[in-house]
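**Q** Pasting in a structure now, in C-alpha cells, and then I'll have a few things to ask.
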Amino acid sequence: MKSAPTPFNPGFHRFAVFTACATFVLIIAGALVTSNDAGLSVPDWPTSYGHVFRLPPWIGGIRYEHSHRVIAGFTIFLTAAIALWTWLADRRRWMKALAIGALGTIIVQAILGGMTVLHFLPPAISTAHAAIAQTFFCIAVSIAVFSGRKWVEEATSVVTDSDRPTLLSLALLSIFILYVQLVFGALFRHHGLPWWPHVLNAVTVALILTWTGVRALLQFPRVEAIRRPAVMLLFILVLQLCLGFAAFLTRVVWSEGAPQPEFSMVIATVSHVAVGALLLATTAVLTLQVWRHAPAAQKDQVPEGRAITA
C-alpha cells in the first residue's frame with residue numbers, strides 16, 4: 001500500500017530556511033578566518049584555550065576564529081533538530097536519509113575544521129574543509145526547497161527535454177565545474193596552489209554556466225520553477241566574476257608583500273567566497289528543478305513541448 005503524502009509543514013519549512021541562512025553566515029565567518037590569517041589564533045580544539053564555554057581573550061584573530069566556532073556549534077544544533085524533526089514528521093524516506101546525511105556532513109565538517117588547527121593548516125585538509133562546507137550549504141538549501149509548499153503540494157508540470165545535451169546534463173556539468181573551481185580557489189587561499197589555475201578555470205565556469213542558464217531560459221521560458229533559478233544563476237554569475245576580479249586585484253596585485261591582510265582584500269575575498277556559495281547552491285536548485293520538471297525524453301514519453309501533470 002502506498003503511504004500517504006507528506007503534508008506541507010510551514011513551521012518546518014521556516015526552520016529549514018533559517019538553518020540554510022545560518023549556514024550561509026557560517027561560510028562568511030569561515031571566509032573571515034581565512035582572509036584574516038586567523039586560523040591558528042585559537043591553537044587548541046575542540047576547546048578554546050582549554051575551555052569549552054569560557055570566552056577567550058577577545059583580541060586579534062581570536063575574534064574571528066572563536067566566532068566561527070560558536071556559529072558552527074549553533075549550526076550543528078540546528079541540523080540535529082532538522083534531522084530529528086524530519087525523522088519524526090516527514091513520511092518521505094529519501095527526505096529522512098537526506099536529513100541524516102546533512103547531520104553526518106556537518107559533523108565531518110567540524111572534524112575537518114579541528115584537524116586544520118591541530119595539523120597547522122595543511123592545504124589538503126583546509127581545502128576539504130572548504131569544499132564540504134559548501135556541500136553542506138547545498139544540502140541545507142535543498143532541504144528548504146524540498147520542504148516548501150510548491151514542492152510538497154503543487155502538481156508537477158513535466159515537459160520532456162529531447163535536446164542533446166540535455167539541460168539536466170548541462171546543469172550537472174555546471175555543478176562539477178563549480179566544484180573544480182571551489183577546490184582551486186581553496187587551494188590558492190590556503191597556499192597549496194598558484195593563482196593561475198583558479199583564474200583560467202573561471203573562464204570555463206563562465207562559459208558553461210552561461211550556456212546552462214541561457215539554455216534553460218530559451219528552452220523552458222514558461223516553466224517558472226526552472227526560469228527563476230536560471231535568471232538568478234546568470235545574475236549571480238556576473239556578480240561573482242566582478243568580485244573575482246576584485247579579489248584578484250586586491251590579493252595578488254595590490255597586496256603582494258603586505259605585512260598583514262589589507263581591508264580591501266578581506267572584503268573582496270570574503271564577498272567572493274560568499275557569492276560563490278550562493279552560485280553553487282543556485283545551480284544545485286536549478287538542477288533539482290530540471291530533474292523534476294524537464295526529464296530527458298524517452299520513447300514512451302509525450303513529445304517535447306507537451307506537458308503532463310503528475
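**Q** Of the residues in region 227-252, how many are crowded, with 18+ Cβ neighbours inside 10 Å and out of contact with any helix residue (DSSP H, G or I) (no Cβ under 8 Å at 6 or more places or on another chain)?
**A** 0
**Q** From the list LEU207, LEU170, which residue is in the same structural domain as VAL275 (by TED's automatic domain parsing), assigned to a helix (DSSP H, G or I) and free of Cβ contacts under 8 Å to residues at least 12 places away in the same chain?
**A** On inspection, the qualifying residue turns out to be LEU207.
**Q** Now for a different question. Mind checking which residues of region 1-28 are aliphatic (A, V, I, L, M) and not in a helix (DSSP H, G or I)?
**A** Across region 1-28, the qualifying residues are MET1, ALA4.
**Q** Can we say ARG222 is within 30 Å of PHE8 (Cβ to Cβ) and not polar (S, T, N, Q)?
**A** Considered against the rule, which asks whether it is within 30 Å of PHE8 (Cβ to Cβ) and not polar (S, T, N, Q), ARG222 comes out as yes.
**Q** Can you name the helices (runs of 4 or more DSSP H) wholly within region 93-153 that have at least 3 residues being within 18 Å of the chain's Cα centre (by Cα) and within 26 Å of PRO229 (Cβ to Cβ)?
**A** 93-118, 123-146
**Q** Among the residues of region 63-96, which ones are surrounded by fewer than 20 Cβ atoms within 10 Å (Cβ to Cβ), charged (D, E, K, R) and touching a Phe, Trp or Tyr at 6+ places or on another chain (Cβ under 9 Å)?
**A** Scanning region 63-96 gives ARG92, LYS96.
**Q** If I filter region 135-165 down to residues being free of Cβ contacts under 8 Å to residues at least 12 places away in the same chain and exposed (fewer than 13 other Cβ atoms within 10 Å of the Cβ), which single residue comes out as farthest from LEU178 (Cα to Cα)?
**A** Here the residue is GLU154.
**Q** Cβ-Cβ distance below 7 Å, separation of 6 or more or different chains: which pairs start in region 115-127 with a residue that is over 13 Å from PHE184 (Cα atoms) and end on one that is of a type in the set (Gly, Ala, Ser) and outside any loop (DSSP other than H, G, I, E, B)?
**A** Every condition considered, the pairs that remain are THR116/SER126.
**Q** Of the residues in region 154-165, how many are in a loop (DSSP other than H, G, I, E, B) and either more than 27 Å from the chain's Cα centre (by Cα) or within 15 Å of LEU288 (Cβ to Cβ) (or both)?
**A** Of the residues in region 154-165, 7 are in a loop (DSSP other than H, G, I, E, B) and either more than 27 Å from the chain's Cα centre (by Cα) or within 15 Å of LEU288 (Cβ to Cβ) (or both).
**Q** Specify which of the listed residues (ALA31, ALA38) is in contact with a helix residue (DSSP H, G or I) (Cβ under 8 Å, 6 or more places away or on another chain), part of a helix (DSSP H, G or I) and small (Gly, Ala, Ser).
**A** One residue alone meets the criteria, ALA31.
**Q** Going through ASP163, ASP90 one at a time, which residue ends up being farther than 18 Å from ALA281 by Cα and assigned by TED's automatic domain parsing to the domain that holds ALA225?
**A** Answer to the check: ASP163.
**Q** Please find, within region 257-282, the residue that is nearest to ALA130 (Cα to Cα) out of those that are assigned to a loop (DSSP other than H, G, I, E, B) and without any contact (Cβ under 8 Å) to a residue 60 or more places away in the chain.
**A** Checked region 257-282; the qualifying residue nearest to ALA130 (Cα to Cα) is GLU262.
The values are calculated or read from the model by the stated rules, or taken from the named source; none is laboratory data. As the structure is a computational prediction, the values presented were derived from the model and not from experiment. Here the Cβ is made from the backbone with ideal geometry for all residues, glycine too, and neighbour counts use every protein chain on show.
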